[in-house]
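Notes to accompany the following structure.
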Amino acid sequence: MTRQSDNQWLVRRMTDDDIDQVLAWRNHEAVRSYMHTQHEIKRAEHTRWFEQACADPRRDLLIFESQGVALGYVNFHQTAQGRTADWGFYAAPEAPKGTGRNMGQAALHYGFTELNLHKVCGQVLAYNERSLRMHRSLGFQQEGVLREQHFDGQSYHDTVCFGLLAAEWQLNT
């Protein structure tokens, strides 16, 4: 658990009690439209995902809170040797402005200090301007573009790849 005491930010592990809230956020059109998988997820599918993810020691599912209110979801998935992880996240649709950046800062603090990660990687659909700006504002470097990598059922979209090294993060904190 990581707390940013001056702003009362908290990143904690997701529990069974969070399943319905995270599912509601994920299925909200404002979140779902920026996901690689855009169908509406049923509770049974979501529960199976949660159980499988919790059983995987390479995954960390987290809830971001501010002043005791859950405002977002973050996950780290260590996919490569050498403490490298992909991350994904979304803020609650009703979260106040600035939540994404605060959540990103708290999650990166957790990833680099609690999980001892060397590198965090992110993939953003090129039309998701807010996420592109957020990654850049957190110090991520653009490492490439996967051209027409994602097909949403109607159109192909580029995917922008980002990376942030622990040493770079430390310089920005």
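Out of the stretch 26-62, which residues are without any contact (Cβ under 8 Å) to a residue 40 or more places away in the chain and among the acidic types (Asp, Glu)?
Across the stretch 26-62, the qualifying residues are Glu29, Glu40, Glu45, Glu51, Asp56.
For a quick check of your reading of the model, give me the residue pairs whose first member lies in the stretch 83-97 and is closer than 12 Å to Val31 by Cα, whose second is surrounded by fewer than 14 Cβ atoms within 10 Å (Cβ to Cβ), with beta-carbon atoms closer than 7 Å and at least 6 apart or on different chains.
Here the result reads Pro93/Ala30, each pair linking the stretch 83-97 to a residue that is surrounded by fewer than 14 Cβ atoms within 10 Å (Cβ to Cβ).
Across the stretch 105-148, what is the number of residues that are aliphatic (A, V, I, L, M), surrounded by 14 or more Cβ atoms within 10 Å (Cβ to Cβ) and in a strand (DSSP E or B)?
Residues meeting the conditions: 3.
From Gly68, Gly72, Gly98, which residue is at pLDDT below 95 and within 19 Å of Leu138 (Cα to Cα)?
Details: Gly68 fails: within 19 Å of Leu138 (Cα to Cα); Gly72 fails: at pLDDT below 95.
Only one candidate qualifies: Gly98.
Tell me which of these Pro96 doesn't satisfy, since it passes every other one: (1) farther than 17 Å from Leu164 by Cα; (2) assigned to a strand (DSSP E or B).
If we test Pro96 against (1) farther than 17 Å from Leu164 by Cα; (2) assigned to a strand (DSSP E or B), just (2) comes out false.
Considering only the stretch 1-23, how many residues are modelled with pLDDT of 80 or more, surrounded by 13 or more Cβ atoms within 10 Å (Cβ to Cβ) and either farther than 14 Å from Phe64 by Cβ or among the polar types (S, T, N, Q) (or both)?
Initially, the stretch 1-23 is screened for residues modelled with pLDDT of 80 or more, giving 9-23.
Filter once more, so that each one left must be surrounded by 13 or more Cβ atoms within 10 Å (Cβ to Cβ): 9-12, 14, 18-19, 21-23.
Retained after the next criterion (residues that are either farther than 14 Å from Phe64 by Cβ or among the polar types (S, T, N, Q) (or both)): 19, 21, 23.
Matching residues across the stretch 1-23 total 3.
Hand me the list of strands (runs of 3 or more DSSP E) wholly inside the stretch 1-80 holding 2 or more residues that are more than 18 Å from Met103 (Cα to Cα).
Values: elements: 2-4, 9-13, 59-66, 69-80.
Filter on the stretch 1-80 gives 69-80.
Need the failing condition index for Arg43 against (1) closer than 27 Å to Gln149 by Cα; (2) at pLDDT 90 or above, just the number.
(1)
The values are calculated or read from the model by the stated rules, or taken from the named source; none is laboratory data. Predicted model only: the values in this text are computed from it and were never measured. Because the Cβ atoms are built from the backbone with ideal geometry, glycine has one as well, and the counts that use them run over all protein chains shown.
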